[in-house]
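Encoded as C-alpha cells, the structure appears first; notes follow it.
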Amino acid sequence: MKYTIKKLAELAGISTRTLRYYDQIDLLKPNEINKSNYRIYDEKNVDTLQQIMYYRALNFPLGKIKQLLNDPNFSRLQALEDQRQMLLDKQIEIETLLTNIDQTIKDYQGEITMTDTEKFQAFKQQQLSKNETNYGTEIRKKYGEQTVQQSNQKFANLSENDFETMKKIEARLIADLVEFKKQPDLDSALAEKIYQAHKQWLEFTWPEYKPAAHRGLVDMYLADPRFAKYYNDKAQTDVVQLLHDVVYRYTK
C-alpha cells in the first residue's frame with residue numbers, strides 16, 4: 001500500500017513537518033515524488049518509520065538512528081529484538097524507581113528502615129539503563145558482552161560512598177582538563193594528575209584495568225561524537241582531544 005505524506009503522518013500519529021524534516025536530513029526518503037510533486041511512501045518506508053519511532057521512544061538521537069539504519073549490516077529483525085530488550089530494560093528501570101519510591105514512603109512512615117545504599121540503588125540502575133541506550137552497542141562491540149556485564153554489575157554494587165566519590169573524581173577531572181587546556185604540557189604534574197583521575201574513575205566500574213583498554217576507550221571518545229559530547233558539554237569547551245593525548249602519554 002502507498003501513502004501520501006499526509007496519510008502516513010496520520011497513520012503514524014506524527015506531523016507532516018516531521019516527515020519533511022526526516023526527508024531533509026536523509027533519514028526517511030519517500031519512495032517516489034509523483035507528477036503532482038507529492039511525496040509517496042511505500043510499505044518499506046512504513047517499516048522504516050516504525051523502526052525510527054521505536055528508537056525515538058528510546059531517546060535515541062536522530063544522528064544515531066541514521067547511523068544505525070545506514071549500517072550495511074543492519075538487520076530489521078535484530079533491531080526489533082534489540083529494541084524489545086531495551087524497552088524491557090526501560091520497564092525494569094521504571095518498576096525499580098516505583099519500588100524505590102514505595103520503599104522510601106514506608107521508610108518515611110516508619111514501617112521499614114532503608115539503608116543509605118538502598119535509597120540510591122534505583123538511580124544507579126537508571127544510569128546503567130541510560131548508558132546502555134546511549135553506548136551499549138558500541139561498548140559491546142569493542143569489549144564484549146562479558147566485560148560489559150561485569151562492569152555493569154560492579155557499578156550496580158557500588159556503595160553510596162563509592163558512588164559519591166566517583167562523581168567527585170569526575171567533577172575534579174573535568175575542572176583539571178579545563179585548567180590544562182590553558183597550558184597543555186603533557187609532561188606536567190597536572191597532565192599526570194588527569195591521567196590518574198581518569199584511571200581511578202574507570203576502576204570503579206572496570207573489572208580489570210588495562211592500559212590498552214584505556215587507550216581504546218579514549219580512541220572511541222574521538223571516533224564517536226556522542227562520547228566527546230559528554231565531556232565537552234560538562235567542560236563547556238573541547239577537552240576530549242586533550243584527555244586522549246594525556247592517556248596515550250601515560251599508558252606507554
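Some points to look at:
- Cβ-Cβ under 7 Å pairs, at least 6 apart or on other chains, the range 70-92 side within 14 Å of L58 (Cα to Cα), far side open to solvent by 70 Å² or more (accessible area, probe 1.4 Å) and of a type outside the set (K, R): Q83/Y54
- E170 meets each of the listed conditions (1) exposed (fewer than 15 other Cβ atoms within 10 Å of the Cβ); (2) under 22 Å from the mean Cα position of the chain (by Cα) apart from (1).
- Looking only at residues of the range 103-114 that are of a type outside the set (F, W, Y) and exposed (fewer than 11 other Cβ atoms within 10 Å of the Cβ), we find that the one that is nearest to the chain's Cα centre (by Cα) is T113.
- Options L158, L98, L88, L128; residue that is modelled with pLDDT under 85 and part of a loop (DSSP other than H, G, I, E, B): L158
- A Cβ distance below 9 Å, combined with a sequence gap of six or more or placement on separate chains, defines the contacts here; from the range 229-252, residues that are at pLDDT below 95 reach residues that are assigned to a loop (DSSP other than H, G, I, E, B) in the pairs Y231/D238; Y231/V239; N232/D238; N232/V239.
- G63 vs. criteria open to solvent by 20 Å² or more (accessible area, probe 1.4 Å), at positive phi and either among the hydroxyl-bearing types (S, T, Y) or out of contact with any Cys (no Cβ under 9 Å at 6 or more places or on another chain) (or both): no
- Of all the residues in the range 173-193, those that are in contact (Cβ under 8 Å) with a residue 24 or more places away in the chain and either within 16 Å of Y230 (Cβ to Cβ) or touching a Lys or Arg at 6+ places or on another chain (Cβ under 8 Å) (or both) number 7.
- Residues of the range 8-49 satisfying the condition of being outside any loop (DSSP other than H, G, I, E, B) and open to solvent by 80 Å² or more (accessible area, probe 1.4 Å): E10, L11, R17, R20, Y21, Q24, I33, E43, K44
- Output for the range 235-252, where each listed residue is assigned to a helix (DSSP H, G or I) and under 16 Å from L202 (Cβ atoms): V240, L243, H244, V246, V247, Y248, Y250
- Residues in the range 228-238 include none that are open to solvent by less than 60 Å² (accessible area, probe 1.4 Å), touching a Lys or Arg at 6+ places or on another chain (Cβ under 7 Å) and not polar (S, T, N, Q).
- Qualifying residue in the range 172-186 (condition: out of contact with any Phe, Trp or Tyr (no Cβ under 7 Å at 6 or more places or on another chain), under 16 Å from H244 (Cβ atoms), assigned to a loop (DSSP other than H, G, I, E, B) and not hydrophobic (A, V, I, L, M, F, W, C)): yes
- Neighbours by Cβ (under 6 Å, 6+ apart or cross-chain): first from the range 198-210, closer than 15 Å to D162 by Cα; second modelled with pLDDT under 90 and surrounded by fewer than 16 Cβ atoms within 10 Å (Cβ to Cβ): T205/K154
The values are calculated or read from the model by the stated rules, or taken from the named source; none is laboratory data. Because the structure is predicted, anything quoted here is derived from the model rather than measured. Don't worry about glycine lacking a Cβ; one is built from the backbone with ideal geometry, like all the others, and counts go over all protein chains shown. To get the accessible areas, we keep the full protein, side chains included, count just its heavy atoms, and leave off ligands, DNA and RNA. Shrake-Rupley method; radii C 1.70, N 1.55, O 1.52, S 1.80 Å.
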